[in-house]
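Some notes on the structure that comes next.
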Amino acid sequence: MTAIEGQQLIPFATTLEPGTSRDNKTGSWRNLRPEYVQNLPPCNDSCPAGENIQAWLSHVQRGDFHGAWQEIVKNNPLPATMGRVCYHPCQSGCNRKMTDGSVQINATEKYIGDRALEQGWQFEPPEKPTGNRVLVIGGGPGGLSAAYHLRRAGHTVTIFEGMPALGGMLRYGIPSYRLPREILDAEIDRILAMGIEVRTNTRVHDIKQVMRSEGFHAVFTAVGNWLPNRVDVVSKAKTPVLDGIDVLRKVETGEDHGMKGSVVVWGGGNTAVDVARVALRVTGERPKLILRRDMEHMRAHPEEVQDALDEGVQFFNLHTIHEVRDGEVVLERMQADDRGRPFPTGRYVTVAAGSVVMALGQSAELGVMEKMGITQSGDWEVPVSPGMMTSVPGIFAGGDMVPSIRTVTAAIGHGKKAARNIDLWLNDQPVSERRERTIATFERMNTAYYPDVETNHRPKFEAGERIYDFREVKGGLTEQQAIQEAQRCMSCGNCMECDNCYGFCPDNAIIKLGAGEGFKIDYDYCKGCGICATECPLGALDMVMETI
Amino acid sequence: MQSQILHFPAKEAMIIGQQTGDRTISNRLADTADSLQGAAERSNALDSGHRACQGCGEALGARHAIDTALDTTDGELVVVNATGCLEVFSTPYPQSAWRTPWIHSLFGNAAAVASGVAQSFRIQGKENVRVIAQGGDGGTTDIGMGCLSGMFERNEDVLYICYNNEAYMNTGVQRSSQTPGAARTATTMPVGEHPGNRFGTGKSVPKIAMAHGIPYVATANIANPRDLEAKVRKAMSIRGARYIEVFVPCPLGWGTASCDTIKVARQALNCGLTPLYEAEYGEITAVNKIAPSETVGAYLKSQRRFAHVFKRGNEHQLEAIQAIADANIRAFDLVESK
């Protein structure tokens, strides 16, 4: 303002003091409000062991392998093992399969597991013992997982194992070219080092009696599926007819397995493929795999099937065994309808056979369960509650013997879940409710923000090199490759602080709270345009209707 | 004014392959410095409370550009604004959203006013104070063209930033010399034999600027904020007349959803309609490559102003727009050769 001869001259319409636009609360324009959400990434959702894969990958992204290992073993105590044998449903769930290929989660887990063994990382023993004694029947993946989680919770754990060594299917079912035994041994030893008593060569015939005599407060049983399913085949011949699961066990223990000549394997699951590949290695002759369905409807994992094909296993798809004769097998051709169901054709073909192995699935030996009235004669699996408890209070069950997808990973998940529920049960607490979470689906992502990056795969020995012995077929990722794979993780559904919401808000209505703290929205100024939600690469913002 | 000095080497911090690479505003895995718009300390030159529509691309582009210029000059900056949306929504009397010295005169004279401001600082020996002129496409490429050409020709020490949203949005979406062929505006309605704006009209002001032989000309797009920041930084490191044209979608004028502003801009970028390049003294020095896949269809589909090109009988319009994109791809060699 200027003054002339004492009189203030104020120009017209400028009597107001200029001020800041912040007086204008544009938040009142809004009819949709952005809200930060945390959704369940599909990898975590599809992991039967319940690993928080996204969390441990984020440690690997920065090269923090110890942090990653600690995150994995919150759920799965066997990462080096599972990094080899898991059929990685996480990678089938991975949203990145829609762009440039799933993150190689399994191979990265193997790298971390191997690194932990190299570095000698150990589990912490529990801080406070609870004084509760828990019996684990069966030292396979389910039992080991339960023992580990129960021990972490402070309980005193004893494992009864019927075989001479722990591991169950991992040791006596999965061939060592997929899982070297020194890896399995080292990971089992690391669990036992937490202070777990083990009795091998010990079978339980009466659970109640063992509980009473030894003072156990709860039992987890996971004895696995070891009874081979059989089908009647016409056989008056001397050609031996063997069972797949027995053959695999005997090859491991060094007993006489009975396979000779060209082995004919009957079955289309993972056991059948394992038997065929083992037969190739012990007999040196090309085995034949007889499969009632076509290749598309095979139950075995596609990668295992491809490995078997590469190694020279002959596949007879749409065939079934009609008769076993001396030194040969008569196969009947099948025909698939449009849904893939096989039907007999009445046409036959004869192939040479040194021995026949049936790998048509397994079921559980449930005599002990029947004795307690948990199952009845004719049952082939044990019903359990959502908390993994059988109909008898305090007796829990898991692994292949309960209804599930019957994989090692599922067993590890069962062990963890049962351990948590045993802990709750011992403390008279109710079973915790499952929290429903929104899945971070591909449709919620904005993948324009993820450049295509080549996938790193585990290297493999050439088929011609690997079929003469039980050396591990696949190698591992390098440290650099493991980090690269982890950095391909898109962090679906959970903020990774890329600042897109903050940088793309036209109204400066996003407040940055600092590293690790995320953001908050200044609703005084947010006009609700929704750019933040659209441009969030991973879908961590929802636009919600405002109410008055 | 802000006193902190934040000198980020935006384009040098290449972090391709790490999760989002350099595509997001920040990359938490980068160990080198990241972009200014991800910094908690950015100056927010255009403050909250401005009255731009929801999802305004121009408001966003202006904040990105002026924040960067403030960073490079440690706050010693004067901004001259042409009339237009940006001026109207940021300074309704008595409020101002600008957190930097800012002046507005007329619709067409921003380049001339900025020239004068720059000359006065030079005469006062305050050459550390830098000057930016800014406006929309109407004020820059139509009404202000004479003053702009004069500023270029005299090589005044001014950076002129044009936020191009392809029409006069403030006054109700009338056609400008930047309105593309077929686009509907209030003055080019989608009726008759040639629905929407006529093809074969308009002009490229970056190319006109290049013809003046000025030290620096660049095109930018709000969907690539790191590139925009790098170009403003580069422009601020140079003395003399400079020109940057930023492509900024207008949800109101284009008939797009307010949430899709960046998405639409990205589609324009990826189909080749808005090539990004830099030129020094009249010669093109750099071109941003694009991935070869996208056609103009997705870009046009998300905008109501182009709805009629998808109607039966108007296929030639779609083809004509695709031909423009294809011509850009050829002229600027836009597609990365494998």
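The values are calculated or read from the model by the stated rules, or taken from the named source; none is laboratory data. Keep in mind that this is a model prediction, so the values were computed, not measured. Glycine also receives a Cβ, built like all others from the backbone with ideal geometry; neighbour counts cover every protein chain displayed. Surface accessibility is based on the protein's heavy atoms, side chains included, excluding ligands, DNA and RNA. Shrake-Rupley method; radii C 1.70, N 1.55, O 1.52, S 1.80 Å.
Key figures for this structure:
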| read-out | value |
| --- | --- |
| Any hit, segment A:232-243, residues being at pLDDT 95 or above and surrounded by fewer than 18 Cβ atoms within 10 Å (Cβ to Cβ) | no |
| Residue in segment A:163-171 that is farther than 15 Å from A:Thr253 by Cα and over 22 Å from the mean Cα position of the chain (by Cα) present | no |
| Failed item in (1) open to solvent by less than 40 Å² (accessible area, probe 1.4 Å); (2) farther than 29 Å from A:Gly464 by Cα; (3) touching a strand residue (DSSP E or B) at 6+ places or on another chain (Cβ under 7 Å), with A:Ala279 passing the rest | (2) |
| Per-region count, segment A:16-34, residues polar (S, T, N, Q), more than 10 Å from A:Tyr525 (Cβ to Cβ) and touching a helix residue (DSSP H, G or I) at 6+ places or on another chain (Cβ under 8 Å) | 0 |
| Flag for B:Asn81 being more than 8 Å from chain A (Cβ to nearest Cβ) and under 21 Å from the mean Cα position of the chain (by Cα) | yes |
| Yes/no for A:Gly131 being touching a strand residue (DSSP E or B) at 6+ places or on another chain (Cβ under 9 Å) and under 18 Å from A:Ala418 (Cβ atoms) | no |
| Condition check for A:Arg434: outside any helix (DSSP H, G or I), of a type outside the set (Gly, Ala, Ser) and touching a residue at least 12 places away in the same chain (Cβ under 8 Å) | yes |
| Residues (under 23 Å from B:Thr24 (Cβ atoms), surrounded by 20 or more Cβ atoms within 10 Å (Cβ to Cβ) and under 16 Å from the mean Cα position of the chain (by Cα)) located in segment B:278-311 | B:Glu278 |
| The one condition in (1) in contact (Cβ under 8 Å) with a residue 12 or more places away in the chain; (2) crowded, with 20+ Cβ neighbours inside 10 Å that A:Gly503 fails to fulfil | (1) |
| Conditions (1) open to solvent by less than 40 Å² (accessible area, probe 1.4 Å); (2) touching a residue at least 24 places away in the same chain (Cβ under 8 Å); (3) within 14 Å of chain B (Cβ to nearest Cβ); number of the one not met by A:Pro451 | (2) |
| Evaluation of A:Cys489 against (1) open to solvent by 30 Å² or more (accessible area, probe 1.4 Å); (2) of a type outside the set (S, T, N, Q); (3) touching a residue at least 24 places away in the same chain (Cβ under 8 Å) (one fails), failing number | (1) |
| Those residues of segment A:403-434 which are open to solvent by 50 Å² or more (accessible area, probe 1.4 Å) and over 20 Å from the mean Cα position of the chain (by Cα), in sequence order | A:Trp425, A:Asn427, A:Asp428, A:Gln429, A:Pro430, A:Val431, A:Ser432, A:Glu433 |
| Residues within segment B:43-72 that are outside any helix (DSSP H, G or I) and either over 28 Å from B:Leu252 (Cα atoms) or more than 9 Å from chain A (Cβ to nearest Cβ) (or both), tallied | 2 |
| Test result for A:Glu161, surrounded by 18 or more Cβ atoms within 10 Å (Cβ to Cβ) and acidic (Asp, Glu) | yes |
| Failed criterion for A:Thr441 (all others in (1) within 14 Å of chain B (Cβ to nearest Cβ); (2) touching a Cys at 6+ places or on another chain (Cβ under 9 Å); (3) hydroxyl-bearing (Ser, Thr, Tyr) hold) | (1) |
| Residue in segment A:200-213 that is farthest from A:Pro393 (Cα to Cα), counting only those that are touching a residue at least 24 places away in the same chain (Cβ under 8 Å) and exposed (fewer than 11 other Cβ atoms within 10 Å of the Cβ) | A:Asn201 |
| For A:Gly387: the one exception among (1) under 17 Å from A:Val136 (Cα atoms); (2) modelled with pLDDT of 95 or more | (2) |
| Residue list for segment A:77-112, restricted to those being farther than 19 Å from A:Ala186 by Cα, part of a helix (DSSP H, G or I) and of a type in the set (Asp, Glu) | none |
| Hits in segment A:21-52 - residues which are open to solvent by less than 30 Å² (accessible area, probe 1.4 Å), closer than 15 Å to A:Asp542 by Cβ and within 14 Å of another protein chain (Cβ to nearest Cβ) | A:Pro34 |
| Residue among B:Ile284, B:Ile290 that is touching a Phe, Trp or Tyr at 6+ places or on another chain (Cβ under 7 Å), among the hydrophobic types (A, V, I, L, M, F, W, C) and more than 24 Å from B:Tyr168 (Cβ to Cβ) | B:Ile284 |
| Residue list for segment B:316-338, filter: open to solvent by 90 Å² or more (accessible area, probe 1.4 Å) and without any contact (Cβ under 8 Å) to a residue 40 or more places away in the chain | B:His316, B:Glu319, B:Arg330, B:Ser337, B:Lys338 |
| Near pairs, Cβ below 6 angstrom, 6+ apart or cross-chain, from segment A:68-88 (open to solvent by less than 10 Å² (accessible area, probe 1.4 Å)) to any residue that is aromatic (Phe, Trp, Tyr) and in a helix (DSSP H, G or I) | A:Ala68/A:Trp56; A:Ile72/A:Trp56; A:Pro77/A:Tyr148 |
| Flag for A:Arg62 being at pLDDT 95 or above, over 30 Å from B:Pro101 (Cβ atoms) and of a type outside the set (Phe, Trp, Tyr) | no |
| Residue satisfying condition, being open to solvent by 70 Å² or more (accessible area, probe 1.4 Å), modelled with pLDDT under 85 and touching a Pro at 6+ places or on another chain (Cβ under 7 Å), within set B:Ile16, B:Ile5 | B:Ile16 |
| Every pair of residues 6+ apart whose Cβ atoms lie under 8 Å, when the first sits in segment B:116-136 and is within 17 Å of B:Leu106 (Cβ to Cβ) while the second is open to solvent by 50 Å² or more (accessible area, probe 1.4 Å) | B:Val117/B:Ile103; B:Gly136/B:Asn170 |
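Each row is one residue, and each column tells you yes or no for (1) at pLDDT 95 or above; (2) open to solvent by 20 Å² or more (accessible area, probe 1.4 Å); (3) touching an Asp or Glu at 6+ places or on another chain (Cβ under 8 Å); (4) over 15 Å from A:Ala359 (Cα atoms).
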residue	(1), (2), (3), (4)
A:Leu289	yes, no, no, no
A:Met298	no, yes, no, no
A:Pro302	no, yes, no, yes
A:Ala308	yes, no, no, yes
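Per-residue answers, yes or no, for (1) aromatic (Phe, Trp, Tyr); (2) more than 15 Å from the chain's Cα centre (by Cα); (3) more than 20 Å from B:Asp22 (Cα to Cα); (4) open to solvent by 10 Å² or more (accessible area, probe 1.4 Å):
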{"residue": "B:Met189", "(1), (2), (3), (4)": "no, yes, yes, yes"}
{"residue": "B:Gly200", "(1), (2), (3), (4)": "no, yes, yes, yes"}
{"residue": "B:Ser204", "(1), (2), (3), (4)": "no, no, yes, yes"}
{"residue": "B:Ile208", "(1), (2), (3), (4)": "no, yes, yes, yes"}
{"residue": "B:Ala211", "(1), (2), (3), (4)": "no, yes, yes, yes"}
{"residue": "B:Ala223", "(1), (2), (3), (4)": "no, no, no, yes"}
{"residue": "B:Asp227", "(1), (2), (3), (4)": "no, no, no, no"}
{"residue": "B:Arg233", "(1), (2), (3), (4)": "no, no, no, yes"}
